[in-house]
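The values are calculated or read from the model by the stated rules, or taken from the named source; none is laboratory data. These numbers come from a predicted model, not from an experiment. Backbone-built Cβ (ideal geometry, glycine too); neighbour counts: all protein chains shown. For the accessible areas, the whole protein counts, side chains as well, though only heavy atoms, and no ligand, DNA or RNA atoms are used. Shrake-Rupley method; radii C 1.70, N 1.55, O 1.52, S 1.80 Å.
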Amino acid sequence: MFMTTAEREPSPAPARATNSRSPFVSRSPFVRLRELLGDAPPGKPAISLAVGEPQHPVPGFVGPVLATHIDEFGRYPMNKGTDSFCRAAADWLGRRFALPRPLDPDTEVLVLNGTREGLFLAAIAARNWVSDRAGRPAVLMPNPFYAAYAAGAVAADCEPVYLPATAATGFLPDLDALSDSLLARTVAFYIASPANPQGAVAPRAYLSRLAALAQRFGFLVFSDECYSEIYSRHAPAGMLETAGPDFANVIVFQSLSKRSNLPGLRVGFVAGDRKFLARFLDLRNVAAPQVPVPVQRVAIAAYADEAHVEDNRELYRRKFDLADQIVGNRYGYRRPAGGFFLWLDVSAQGGDEAATTHLWREAGLRVVPGRYLAQPQADGGNPGEGFIRVAMVHDHATTAEALHRLVAALG
């Protein structure tokens, strides 16, 4: 078993929400990872398990669709998205989720150049759409979190409030811990289900309660559902299922990066509350990247086909079967309900930074220290500290090799 020579620090006290007034946005966790590893060579041929970039094959229809519509690269696309794309996205949502009514593709769906830019710009639009707040405007998010959430909050001149998402809370923010005074100044609440990095899936009752809080206090829920199609057993519920017939105060973000193994295509969509989306489109028309029409054509084909999605899911299921067998009960491993990450507790192996360094130098494995994906809480504890995130994105053989190396190196 690998340990550092220094004594391990005592476990931090239970974390509370952090109300940070600093305008600083943490640097990319991947920049910090490069600095941590420095120029040290890998101990074995390198395998990167750090970036959540799917490595499964690109669907076969992508090339032919692009070739057929290649001339449409010669047009400026509308920022809203083509009518056919918006219909395809709305139709897919209606098939995939138990919605209270069909979405209107003309007013309740917008195309995105991937969801990262949408999640970022949405906070700015929300700051200008939500009514005056009772105190300094705040944006709430799970901790650990996707960096675009915090960047959007700071860009919108809102206070980012980090809500601990730990094993004690089912790896989701504890809604019971939110005071009325905090909710009264909330502009937006980011939620990810399945969660990145822990893979937790929010029960429908949790989503319903969050939607009700948003409607009561007048803030927006930004539901990041990019991993919704990667799950072990049961398809996760979606936020739009719980918001009522007007989808009031609820916005969902979807992407083809994970669902269809198309991270480089940079296409997704946002759907929900039509009043907010009208304001969001105003901002996007002057500030957001447009999505090329041929790319939208590929997305239309992707949303019309579920066979490649099920094939994709099966590949991930087989890799998690490997994790069940190779990792077993080590490092607090549990098979996640959704997503494609392992969230491993390496506090007994010297901590997240030490274990990350050791895995690189001894086993050639590149993983992310959990603390790089989170912010310290008010009590000084970091919900990601002591964990590493492992992306299960490679083929079956490479994944098996990586997991065997990880167990051999960490003990």
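Annotations
- Residue within the stretch 334-345 that is out of contact with any Gly (no Cβ under 7 Å at 6 or more places or on another chain) and either modelled with pLDDT under 95 or open to solvent by 60 Å² or more (accessible area, probe 1.4 Å) (or both) present: yes
- The stretch 253-283, residues that are closer than 17 Å to ALA122 by Cβ and assigned to a helix (DSSP H, G or I): ARG274, LYS275, PHE276, LEU277, ALA278, ARG279, PHE280, LEU281, ASP282, LEU283
- Total residues in the stretch 203-237 satisfying the condition of being at pLDDT below 95 and touching an Asp or Glu at 6+ places or on another chain (Cβ under 8 Å): the figure is 0.
- Here ALA323 passes the criteria (1) in a helix (DSSP H, G or I); (2) farther than 28 Å from VAL58 by Cα except the one numbered (2).
- Check on LEU265, open to solvent by less than 10 Å² (accessible area, probe 1.4 Å) and hydrophobic (A, V, I, L, M, F, W, C): no
- Considering residues of the stretch 311-325 that are open to solvent by less than 70 Å² (accessible area, probe 1.4 Å) and among the charged types (D, E, K, R) only, the residue farthest from PHE85 (Cα to Cα): ASP324
- Search result, residues across the stretch 48-83 that are in contact with a Lys or Arg (Cβ under 7 Å, 6 or more places away or on another chain) and among the aliphatic types (A, V, I, L, M): LEU49, ALA50, VAL65
- Among the criteria (1) free of Cβ contacts under 8 Å to residues at least 60 places away in the same chain; (2) over 22 Å from the mean Cα position of the chain (by Cα), the one ALA354 does not fulfil is (1).
Here is a yes/no grid of residues against (1) more than 19 Å from ASP104 (Cβ to Cβ); (2) open to solvent by 10 Å² or more (accessible area, probe 1.4 Å); (3) modelled with pLDDT of 95 or more:
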| residue | (1), (2), (3) |
| --- | --- |
| MET239 | no, no, yes |
| GLY244 | no, yes, no |
| PHE253 | no, no, yes |
| LEU256 | yes, no, yes |
| PHE269 | no, no, yes |
| GLY272 | no, no, yes |
| PHE276 | no, no, yes |
| PHE280 | no, no, yes |
| ARG284 | no, no, yes |
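- Where GLU362 falls short, out of the listed (1) touching a helix residue (DSSP H, G or I) at 6+ places or on another chain (Cβ under 6 Å); (2) open to solvent by 10 Å² or more (accessible area, probe 1.4 Å); (3) not in a helix (DSSP H, G or I): (3)
- Among the candidates VAL130, VAL111, residue that is of a type outside the set (Gly, Ala, Ser) and open to solvent by less than 10 Å² (accessible area, probe 1.4 Å): VAL111
- Among the residues of the stretch 291-310, those that are crowded, with 20+ Cβ neighbours inside 10 Å and not in a helix (DSSP H, G or I) comprise VAL291, PRO292.
Rundown of residues vs (1) of a type in the set (S, T, N, Q); (2) at pLDDT 95 or above, yes/no style:
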{"site": "SER22", "(1), (2)": "yes, no"}
{"site": "SER48", "(1), (2)": "yes, yes"}
{"site": "GLY52", "(1), (2)": "no, no"}
{"site": "VAL62", "(1), (2)": "no, yes"}
{"site": "ALA67", "(1), (2)": "no, yes"}
{"site": "GLY81", "(1), (2)": "no, yes"}
{"site": "SER84", "(1), (2)": "yes, yes"}
{"site": "ASP91", "(1), (2)": "no, yes"}
{"site": "PHE97", "(1), (2)": "no, yes"}
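- Among residues of the stretch 88-100 that are at positive phi, none has a beta-carbon under 8 Å from a residue that is of a type in the set (S, T, N, Q) and open to solvent by less than 50 Å² (accessible area, probe 1.4 Å) at least six positions away or on a different chain.
- Output for the stretch 173-195, where each listed residue is open to solvent by 10 Å² or more (accessible area, probe 1.4 Å), hydroxyl-bearing (Ser, Thr, Tyr) and not in a helix (DSSP H, G or I): SER179
- Which listed residue is under 22 Å from PRO142 (Cβ atoms), at pLDDT 95 or above and assigned to a helix (DSSP H, G or I), from ARG371, ARG389, ARG318: ARG371
- Count of the stretch 126-147 residues, restricted to those that are outside any strand (DSSP E or B), hydrophobic (A, V, I, L, M, F, W, C) and in contact with a strand residue (DSSP E or B) (Cβ under 9 Å, 6 or more places away or on another chain), is 4.
- Whichever residue in the stretch 133-147 is at pLDDT below 95 and under 22 Å from GLY199 (Cα atoms) and, among such residues, is surrounded by the most Cβ atoms within 10 Å (Cβ to Cβ): PHE145
- If you go through the stretch 196-232 and keep only what is of a type in the set (A, V, I, L, M, F, W, C), without any contact (Cβ under 8 Å) to a residue 40 or more places away in the chain, open to solvent by 10 Å² or more (accessible area, probe 1.4 Å) and farther than 17 Å from ALA184 by Cβ, you end up with just ALA205.
- Residue within the stretch 300-316 that is touching a Lys or Arg at 6+ places or on another chain (Cβ under 7 Å) and closer than 30 Å to HIS396 by Cβ present: yes
- One residue alone among GLY43, GLY81 is more than 25 Å from the chain's Cα centre (by Cα), part of a loop (DSSP other than H, G, I, E, B) and either among the aromatic types (Phe, Trp, Tyr) or surrounded by 16 or more Cβ atoms within 10 Å (Cβ to Cβ) (or both), and that residue is GLY43.
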